[in-house]
1. Exactly one condition in (1) crowded, with 17+ Cβ neighbours inside 10 Å; (2) at pLDDT below 95 is false for E304; which is it?
2. Tally up the residues in the range 50-62 that are of a type in the set (S, T, Y) and in contact (Cβ under 8 Å) with a residue 24 or more places away in the chain, please.
3. Pairs needed: first member in the range 22-49, under 29 Å from I109 (Cβ atoms); second member anywhere, surrounded by fewer than 14 Cβ atoms within 10 Å (Cβ to Cβ); C-beta distance under 8 Å; at least 6 residues apart or different chains.
4. It is to be established whether one or more residues within the range 105-114 are over 26 Å from Q195 (Cα atoms), modelled with pLDDT under 95 and either surrounded by fewer than 16 Cβ atoms within 10 Å (Cβ to Cβ) or hydrophobic (A, V, I, L, M, F, W, C) (or both).
5. Please determine, by comparing only the residues of the range 238-266 that are in contact with a strand residue (DSSP E or B) (Cβ under 8 Å, 6 or more places away or on another chain), at negative phi and not in a strand (DSSP E or B), which one is surrounded by the most Cβ atoms within 10 Å (Cβ to Cβ).
6. When the residues of the range 81-117 are narrowed to those that are free of Cβ contacts under 8 Å to residues at least 40 places away in the same chain, small (G, A, S) and not in a helix (DSSP H, G or I), which ends up farthest from I141 (Cα to Cα)?
7. Any idea how many residues of the range 118-141 are in contact (Cβ under 8 Å) with a residue 24 or more places away in the chain, buried (at least 21 other Cβ atoms within 10 Å of the Cβ) and small (G, A, S)?
8. Of all residues in the range 267-293, how many are at negative phi, surrounded by 12 or more Cβ atoms within 10 Å (Cβ to Cβ) and not in a strand (DSSP E or B)?
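The values are calculated or read from the model by the stated rules, or taken from the named source; none is laboratory data. All of these numbers come straight from a predicted model, not from anything done at the bench. Using ideal geometry, Cβ is built from the backbone for each residue, glycine included, and neighbour counts are taken over all protein chains shown.
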Amino acid sequence: MAGHGAKCYHFGVRRSAAPLHAALLRWYRRAKRDLPWRRDPTPYRVWVSEIMLQQTTVAAVTPKYEAFLRRFPDPAALAAAPEEDVLSHWAGLGYYSRARNLHRAAAAIMTEHGGRIPADFDAILSLPGVGRYTAGAVLSIALGKPYPVVDGNVIRVLSRLLGMPGRTGDPAFVRTIWSEAEKILSREKPGDWNQALMELGATLCSPRAPSCDACPLTGHCVAFQKNLQSAFPEPNTPRQSVRVRWTCLWIEKNRQVLLWRRSSKERLLKNLWGFPEAERLRATNGAPIAHVDHSITCHRLSVELRTGVLRNGAPLPREAHWVPRRELPQRLVSSLWRKLLRFV
């Protein structure tokens, strides 16, 4: 494999990138998907969309994004909202630390930046939950500033286009891709260029069986010319699945249900409300209500929900709280608990 990528195609060194820019941007204007965050790309709207889209599909984000913006139309509304309200509107997207960071960043925007998302790279990078990718996306797409973005799609596109071998899980390889993305960036239309690269990876330059016959860059693509599309980038070593089994309890009294506030030290679902695991309470397990399977990163959960009765005189741990049944949809934001809620 090393021999295949020995000669990387460095635009700007071997020839101008202008024809490449023209071909991809022409395709993007014609073929780009109509996505809600593209219709009015303000810094706030782009920022929210990019945080939501981290490790989450466009199909899952689109309806959540529009509802989120209706409730939190600007940083002021987001900063002023209770965290539980923010998490409730994030429900179903997973990776809830993203929502908490978004909430914390909104507060910082209000107190440190006069309610406006900063237009300076280092300043926006200092916000909670904002990394190099998100900072570059907001500044290039919303403000037209010449910063590259590199996500999984861009890594795949540039690895094939430039004939660069490497694994997406290898930090050194990713740093090299960032360097190449900087060199190849369109300074005239950085936002469209970044979105075009991501769009190409999402729609045509797929991990397996890419649609090279419809790709606007085949005349420039090293992998296509060498018939090595499947070799770039190299596959990562798959993570081994971790199987987890939980028995959780539905304990109800006077239209209130016992919930458990998970701590920051939990392996899964940190800082979120959930049904209590049976082993954490002095309770008697009753009849089964439901069983669901659920995946969180590499964890494969098998969760059974049973009725339960607290033993007489058993003290409640401080993590356990009685919550009105009508509030369960607002408290139980994880898709796992929402699957189980359908059965009670």
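1. Failing condition for E304: (2).
2. Here is the first cut: in the range 50-62, the ones of a type in the set (S, T, Y) are 56-57, 62.
Filter again for in contact (Cβ under 8 Å) with a residue 24 or more places away in the chain, leaving 56, 62.
Looking only at that region, the number is 2.
3. Hits for this filter: P36/E66; P43/R116.
4. Step one: list which residues in the range 105-114 are over 26 Å from Q195 (Cα atoms), which gives 107-108, 110-114.
Within this subset, residues satisfying the condition of being modelled with pLDDT under 95 are none.
The answer is no, given that none of the residues of the range 105-114 is over 26 Å from Q195 (Cα atoms), modelled with pLDDT under 95 and either surrounded by fewer than 16 Cβ atoms within 10 Å (Cβ to Cβ) or hydrophobic (A, V, I, L, M, F, W, C) (or both).
5. If we filter the range 238-266 for residues that are in contact with a strand residue (DSSP E or B) (Cβ under 8 Å, 6 or more places away or on another chain), which is where we start, we get 241-253, 255-262.
Right, trim to at negative phi and you get 241-253, 256-262.
Next, from what is left, pick out any that are not in a strand (DSSP E or B): 241, 251, 262.
Numbers: S241: 11, I251: 22, R262: 19.
Here the residue is I251.
6. The qualifying residue farthest from I141 (Cα to Cα) is A81.
7. Number satisfying all stated conditions: 3.
8. Number satisfying all stated conditions: 9.
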